[in-house]
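To start, the structure under review is shown below, and the notes come after it.
The values are calculated or read from the model by the stated rules, or taken from the named source; none is laboratory data. None of these values were measured; they are calculated from a predicted model. Every residue, glycine as well, gets a Cβ built from its backbone with ideal geometry; the counts of neighbours run over all protein chains shown.
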Amino acid sequence: MNKIKRYSVFLLAAAGLLATGCSKEKSEAAVPEGMVQVNFCQEGSFGAPFSDLKTAKEAVPTRGNVPEPYKPGPIADGTTIWVAVYKGKPTEMEQAEVVTVKSYRVSGKSLMPCKVDDNGVVTHEYDTPLYLETGDYFFRALGPARKLVEDDHGHFALSIDNGEWVIANDERYEETAGNAVATLTKECPDCLVTLKPLINQTARLKFTLYSAEDDPFVHSLKMQPVGIELSGLQRHYDKSTTGEPWNWTLCSPADTLIAYPGNKNVLMYLQEPLISTNDRFVIETPILPTDAMSTPLVVLFNMEVNGNPTQFEMMLNRKVFRAGYSYHYRGRVAIKDGVAALDWESVSWSADIPFFD
């Protein structure tokens, strides 16, 4: 199993915390006889699907430094989470009994039981707590709590497309592996389980265009209504042989989305920037992992520079955009000989840009 290391931008390291114990707060409702009430708290997520726009350059080591631990970022309040409950021990995953899967919403570090619709949107903010019989259990989580289906082996599965994100426990790294464990006993009628950190399951593309503060020629940057065009993305694929479609499963070891060669002809428009000011423009999106080694991923920026319609094109090739990674491209807009030009300064594998920025 890998460890999350922090080398420049791509690889991260953290110490995942895991704890279970009796809750100090008494439950308002009586716990059914012979059962244990189980509550959950969470430790955040590595590689949040969307930026928090905070700068953290002082925390990014230069090349050659000893890799330092990354701490998980907070999961936004209101995010919905599925918690899958298995009876048995993690070493018995294949034989473990799936007890239930229950939806929660994030409130600080706590998870509050709730009801959700098929899109993972909260319909009722509160629901009955989770009650389990005594015994050994382990728990895995994913979010948002969209409609789940079963794969061909009975695992919980999702269908994920470009523009959609998922965070989940993932066995690729020790810090994010599932299997938060608890032994429930009658002596402890209220049990608090700390889930391990989650990690992003899609790739993330982010683009920043800006003009220099002292540039006397560029006065405004604005995106045209058509937005930013991404072409050459991997097409949505389906692994199901029967039943409802799916392409990702919550299993052990965790399944991950695959960047298949070929079949990269999806066109996608980005029309909601994170930041749009006169001198800075930031936009990002989750995408399916895409193999652009031979066929490029083409980005067309439909912009207005000083009110004049302008297009910039960028071709990204000889690269595989992988699940769980963030790719940030940053370019400076300038006027050269009366023509708007875009100079790309950095990309994520060579610049000191933190994963969460």
* Structure fact -> Those residues of the stretch 101-135 that are assigned to a strand (DSSP E or B), over 18 Å from Ala76 (Cβ atoms) and aromatic (Phe, Trp, Tyr) come to a total of 1
* To do: Pick out the one residue from Asp343, Asp352 that is in a strand (DSSP E or B), at pLDDT below 90, acidic (Asp, Glu) and closer than 18 Å to Lys206 by Cα.
  => Asp343
* Asked: Just one of Val333, Val298, Val305 is at pLDDT 90 or above and under 23 Å from His236 (Cβ atoms); which is it?
  -> Val298
* Kindly indicate whether any position in the stretch 131-145 is within 30 Å of Thr241 (Cβ to Cβ) and surrounded by fewer than 18 Cβ atoms within 10 Å (Cβ to Cβ). => no
* Which one of these does Val101 not meet: (1) at pLDDT below 90; (2) among the aliphatic types (A, V, I, L, M); (3) more than 16 Å from the chain's Cα centre (by Cα); (4) surrounded by fewer than 18 Cβ atoms within 10 Å (Cβ to Cβ)? -> (1)
